[in-house]
Amino acid sequence: MTMTSDTTAGVGIGWGKRSLRSMLEESERLFAETGRYYGIERLTLKEEDPIRYEKLFSRLRGGMVNARETALNISASPIVREIGELCFALYTPEGDSITLSTGIMVHVHTMSDAIKWMIRNNYEENPGIEDGDIFCNNDAFIGDVHNADVQDILPIFWEGELIGWAAGVTHVIDVGAPLPSGMPMGPIHRYEDGFMLSAQKVGSKNRLHRDYELRCQTAVRLPFYWMLDQQTRIAGCQMIKEAVHRVIREEGIETYKRFIREVIEDGRRSFVQRVKELTIPGTYSVPSFMDVTFGGEAGRLPPEAAKDTLMHAPLTVEIGSEGEFKVSFEGASKWGYHSFNAPPSAMQGGLWVLLTQTLVPNDKVNDGAYFAIQNNLPYGSWANPDNKFCSVSIAWVYLIPGYSGIFRALSMAYVGRGYLEEVIAGHPGTWNMTQGGGPNHYGQPGAWTNFEMSSCGTSARYVMDGEDTCAAMWNPEGDMGDVEAWEILEPLLYLGRRIRPNSFGPGKFRGGSGFESIRMVYNTPNQVLYNLGEGNVFLGTGLFGGYPAFAGYRQSIKHTDMARRIAHHLPYPISDEDPENSQMIAHVEGVLERDKRTIHLPDPHAEYDLYLSVLRGGNGLGDVLERDPTAVVRDLNEGYLLPRFAASTYGVVAFQNAEGEWELDAEATEERRAAMRRERIEQSIPVEEWIAQQRTRVEQKDFIAPVRQMYQESMSLSPTWAAHFRSFWGLDDDWSL
Amino acid sequence: MTHYDKSTIADLVDGRLEWPQLKAMMSNFKDPDRFDTYIAVLQERVPWDDQILLPLGPHLFVVRKADGSIVTKSRSGYEFGDYRQNWKLKARIRVRDTEASLQELYPAMMHCTPGWMELREYIDPLDGTLLEVEAVPPGYPIIHSFQPDLETFYREWLGREL
């Protein structure tokens with residue numbers, strides 16, 4: 001395609017008949033020159049009439065929320081209806097977000113990227129942008145996280161002039177990849193990621209094109225859900241268009257134009273102000289890691305993909321004297337032949353949605369926050385692949401651990417300032433993610449993703465335990481969904497769903513608890529199932545002596561006697577509880593598959609096979625020996641804590657009374673805790689001595705293959721990180737792995 | 001302008017506020033005098049007289065000693081050296097890198113796999129308090145979690161000399 005640059009006035013669809021590209025270029029130039037959105041110095045509308053300004057914002061914001069709450073009822077997908085995996089937002093002509101609804105807010109910035117991509121590629125000339133057009137995108141290298149998040153973007157015109165964009169996103173059930181589900185594990189190139197729409201015009205005159213509709217019928221499994229999701233997005237966008245038109249009719253177009261620029265600059269200033277108000281300038285280092293266990297897939301994946309690997313996310317946050325907020329992944333490991341690479345748009349969206357939950361939850365949330373942040377996403381790393389053809393099928397698998405340090409970094413700052421009410425010990429991995437596909441219980445080719453993972457436990461706060469089973473870092477309104485709703489979509493029954501003991505990170509305040517679901521394949525001859533989650537590593541860690549939440553495992557029991565048990569009304573498992581005394585294993589006959597391969601290709605299951613999903617809890621905060629002993633006893637009595645850990649972890653001595661209830665032995669607890677403190681000192685060594693010991697191991701490169709490869713990648717991609725590693729261990733400048 | 005009295009901040013530090021009150025604090029505008037009130041509360045709680053300049057956690061503080069030097073110091077009174085250096089280098093360490101040691105905290109199957117990752121416990125040499133836990137692969141350089149720009153914070157953000 002020939003690229004043309006049109007910066008002349010009088011021919012475009014933008015303001016004053018300018019082209020959209022010239023408007024975008026001007027916006028970027030003014031920001032580069034002044035550091036302020038569109039170079040705005042004074043928020044005149046806000047200063048002159050603050051009440052009107054706030055009302056304007058509220059009306060537009062209300063329009064977004066109304067669009068979401070109404071449109072989600074069109075969808076038939078439980079992911080959208082039950083969990084609320086959708087979001088709507090309003091953009092400037094240049095593609096900067098003005099305001100947004102609740103929901104999966106990560107996409108507010110990804111859709112901004114998609115709009116700007118269309119502008120930069122001169123869509124105005126070809127394929128043209130007209131009132132009533134509908135553009136659809138799910139290409140992460142343009143502006144998205146992965147194929148499963150499908151966006152519709154509609155231009156908004158007023159008297160022949162493009163005055164903005166309405167956009168909506170939903171997470172779809174299936175994307176038509178070779179492997180079933182919305183986020184299949186196994187793609188190693190984008191060619192395998194499924195149906196991809198690269199900001200394609202799919203409709204005009206407010207109707208979808210017939211050729212597109214027909215294509216969708218065979219492009220994905222369950223096209224019924226795909227099309228209803230699309231109608232959901234379009235309906236929400238149409239409601240936004242109407243809301244904007246109402247505001248313009250009442251306030252005037254010139255006021256609207258002034259407002260949408262001021263409110264973004266207001267958002268930027270608000271972000272900077274919050275940084276200076278709540279944090280401490282300095283540098284925060286909060287690295288994290290994620291394992292990929294494709295080593296067991298030899299023969300199913302090519303050699304470059306069939307190996308165990310370890311992702312390195314050396315996240316640092318640098319807060320400058322003027323409130324500059326720099327986020328860097330310098331030293332990140334390389335992109336890879338797996339399904340978890342995360343393009344910059346996904347990374348920026350992920351950061352954005354996290355910050356709206358901690359630093360900027362209260363004020364005008366829009367792309368102003370984006371303009372206030374500087375990102376360093378090293379080119380060639382998993383966070384900015386230099387191969388545009390790598391897979392991004394589940395970019396979240398790296399993105400979620402990658403940012404697990406953001407809450408902890410900010411919490412260190414909050415503790416410095418005394419804003420203890422804001423402190424939280426990170427976010428958990430939002431998994432185990434259960435996905436699958438195959439012939440469904442309606443006799444059709446099926447695919448599904450269970451979103452009960454959006455209700456993991458939150459991490460501990462400075463002054464209280466984390467909350468149980470309620471949240472996901474990517475959707476602040478977590479909801480696990482009714483089991484009956486999932487059973488409509490999935491040919492698996494729930495035998496049980498309950499709190500999982502020890503699923504939180506221990507600490508003075510423990511993380512919120514996760515839960516477990518026992519599923520049985522039912523009313524289908526076969527079904528492939530996936531697990532997804534970390535297994536060999538912890539995701540992040542706790543704060544101030546708190547421990548991380550547990551690392552996962554995979555457990556299925558195949559060829560079971562469940563049919564016989566059901567027919568003869570015999571006991572069957574409704575829980576698992578403890579891997580060392582598994583109730584699931586104890587109450588069914590079958591072939592156990594249990595290991596730490598928590599990321600794997602589709603695993604065949606037959607009818608009556610059982611599958612365990614253990615959903616993560618949050619990290620702990622503070623020293624376990626400072627936990628209120630009565631809270632430990634309460635956890636015992638309420639089934640949150642397995643009895644043997646009261647003493648070994650918390651130093652709490654408890655006994656069961658005649659009624660079977662646990663009671664505290666306060667005196668013995670005090671003695672045990674004192675002994676454990678002494679043991680800590682006796683069993684530990686000075687750090688400087690330990691470094692000298694470990695240096696030998698490092699010199700000998702005594703690491704398992706995934707760890708060695710991780711260090712190799714980080715050192716080869718980043719001379720800065722390599723120098724840091726060598727300097728810490730006192731290695732020669734030419735030392736390498 | 002939002003303001004909380006010293007007893008409220010003391011209750012916050014001690015975890016005595018009920019959730020509705022805590023939630024209201026989160027939703028409300030922040031109180032600009034929080035830092036000074038907070039430091040005053042903490043200063044009364046430590047068993048030494050050095051001036052707290054910046055809390056780093058429940059048990060760790062950046063303090064100014066009588067000789068004017070600025071160091072990291074724990075509640076127990078242990079001094080970790082110049083505040084610009086990583087305090088962990090002067091702590092004690094215990095590493096959980098075996099199944100037996102990890103299973104004091106987690107059930108089997110529910111902990112990291114030794115070789116992939118280890119838990120490093122940084123311990124106060126005086127009283128055995130667990131100050132921080134790192135979860136990292138073997139060989140990972142010790143993390144310098146927070147390097148505050150103390151001078152900028154005091155001079156430019158608080159508007160007073162350090």
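Kirkwood hydrodynamic radius, region A:624-683, all distinct C-alpha pairs: what's the number in Å? Provide the component values of the computation, followed by the final result.
Working: mean 1/r = 0.0862 Å⁻¹.
Taking the inverse mean of 1/r over all distinct Cα pairs, region A:624-683 comes out at 11.6 Å.
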- request: Based solely on C-alpha atoms, express the radius of gyration and the Dmax of chain B in angstrom.
  value: 18.8, 54
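Do any trypsin sites (Lys or Arg not before Pro) in region A:447-522 lie in a loop, going by DSSP, with at most 10 other beta-carbon atoms within 10 Å of their beta carbon, and if so which? Don't skip to the answer; put the middle values down first.
Numbers: sites: A:461, A:497, A:498, A:508, A:510, A:519; in loops: A:508, A:510.
Loop-located and lightly packed - none at all.
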statement: Listed with the fewest Cβ neighbours within 10 Å leading, A:111, A:290, B:110 appear as B:110, A:290, A:111
Straight-distance crosslink candidates among aspartates and glutamates, where the alpha carbon sits under 15 Å from residue B:65 and sequence neighbours closer than 8 are dropped: B:49, B:50, B:79, B:82
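On alpha-carbon atoms, Rg over Rh for region B:1-45 using Kirkwood Rh?
Values: Rg = 10.3 Å, Rh = 10.8 Å.
Result: Rg/Rh = 0.95.
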query: If you take the Cα Rg of region A:687-729 and divide it by 2.2 N^0.38 Å, with N the number of residues, what do you get?
result: 1.20
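Using a 10 Å cut-off around each Cβ of peptide B:99-106, what is the average number of partner chain Cβ atoms that fall inside? Walk me through the numbers before you get to the answer.
Values: counts 0, 0, 1, 2, 4, 5, 12, 14.
Counting other chains' Cβ atoms within 10 Å and averaging over B:99-106 gives 5.
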- prompt: Under unit Cβ charges (Lys, Arg +1; Asp, Glu -1), what dipole magnitude, rounded to 20 debye, does region A:608-737 have relative to its Cα centre?
  reply: 420
- line: Inter-part gap, Cα centre of region A:718-737 to Cα centre of region A:612-642, in whole angstrom, is 40
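Can you tell me the dipole magnitude for chain B around its Cα centre, using point charges on the Cβ only (Lys, Arg +1; Asp, Glu -1), in Debye to the nearest 20? Please list the in-between numbers first.
Details: 19 positive and 26 negative charges, 19 e Å.
My answer is approximately 100 debye.
If packing is taken as the average count of other Cβ atoms within 10 Å, what order do A:402-415, A:465-478 fall into, highest mean first?
Working: A:402-415: 26.2, A:465-478: 22.7.
Descending mean neighbour count gives A:402-415, A:465-478.
What percent does the relative contact order of region A:424-622 come to when contacts are Cα pairs within less than 8 Å and at least six residues apart? Could you put the intermediate results ahead of the total?
On the way: 630 pairs, mean separation 62.2, N = 199.
Once normalised by length, the contact order is 31 percent.
How long are the semi-axes of the equivalent ellipsoid of region A:424-622, taking √(5λ) for every eigenvalue λ of the Cα gyration tensor, in whole Å from largest down?
Details: eigenvalues 183, 60, 40 Å².
Calculated on Cα positions only, the semi-axes equal 30, 17, 14 Å.
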- prompt: Which loop GluC sites (Glu not before Pro) in region A:103-210, with loop taken from DSSP, have no more than 10 other Cβ atoms within 10 angstrom of their Cβ?
  reply: A:159
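If you restrict to DSSP beta bridges whose two residues both lie in chain A, what percentage is antiparallel, to the nearest 5?
Working: 83 of 89 bridges.
So the antiparallel bridges amount to about 95 percent of the total.
Could you work out the relative contact order of chain A? I mean the mean sequence separation of Cα pairs under 8 Å and 6+ apart, divided by the number of residues, in percent. Intermediate values should be presented prior to the final figure.
Numbers: 1842 pairs, mean separation 86.5, N = 737.
12 percent.
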- prompt: Averaged over A:117-124, how many beta carbons belonging to a partner chain fall within 10 Å of each residue's beta carbon?
  reply: 0
field: Highest-fluctuation residue, B:84, B:45, B:64 considered, GNM on chain B with Cα pairs under 10 Å
entry: B:45
task: Please list the non-local residues whose amide H lies under 5 Å from the amide H of residue A:13, H modeled 1.01 Å from N, same-chain partners needing a gap of 5 or more.
output: A:20
task: State log₁₀ I(q)/I(0) for the protein assembly as shown at q = 0.08 Å⁻¹ as given by the Debye formula over alpha-carbon point scatterers of equal weight, solvent excluded.
output: -0.73
message: Which residue, A:537, A:495, A:189, has the largest displacement toward the positive end of the dipole of the protein assembly as shown when charges sit on each Cβ (Lys, Arg +1; Asp, Glu -1)?
response: A:189
- prompt: What ³J(HN,Hα) values, in whole Hz, does the Karplus curve 6.51 cos²θ - 1.76 cosθ + 1.60 give for region A:244-261 when θ = phi - 60°, with x put for Gly and Pro?
  reply: 5, 4, 4, 5, 5, 4, 8, 9, x, 5, 5, 4, 4, 5, 5, 4, 5, 7
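I need to check one value: relative contact order of region A:101-220, counting alpha carbon pairs closer than 8 Å and at least 6 residues apart, in percent.
On the way: 202 pairs, mean separation 32.0, N = 120.
Over region A:101-220, the number comes to 27 percent.
Using a 10 Å cut-off on Cβ to Cβ distances, tally the other chain neighbours for every residue of B:146-156 and report the average as a whole number.
Numbers: counts 13, 6, 9, 8, 4, 2, 7, 9, 0, 1, 4.
Per-residue shielding by partner chains comes out at 6.
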query: What ranking do A:442, A:650 get, fewest neighbouring Cβ atoms within 10 angstrom at the top?
result: A:442, A:650
- prompt: Among the lysines, which fall within straight-line cross-link reach of residue A:334, defined as a Cα-Cα distance under 19 Å, with same-chain neighbours fewer than 8 residues apart omitted?
  reply: A:307, A:388
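Values quoted throughout were computed directly from the atomic coordinates according to the rules given, and no laboratory measurement underlies them. Note that this is a predicted model, so its numbers are computed, not measured. Please note: Cβ atoms are built from the backbone with ideal geometry, for glycine as well, and neighbour counts cover all protein chains shown.
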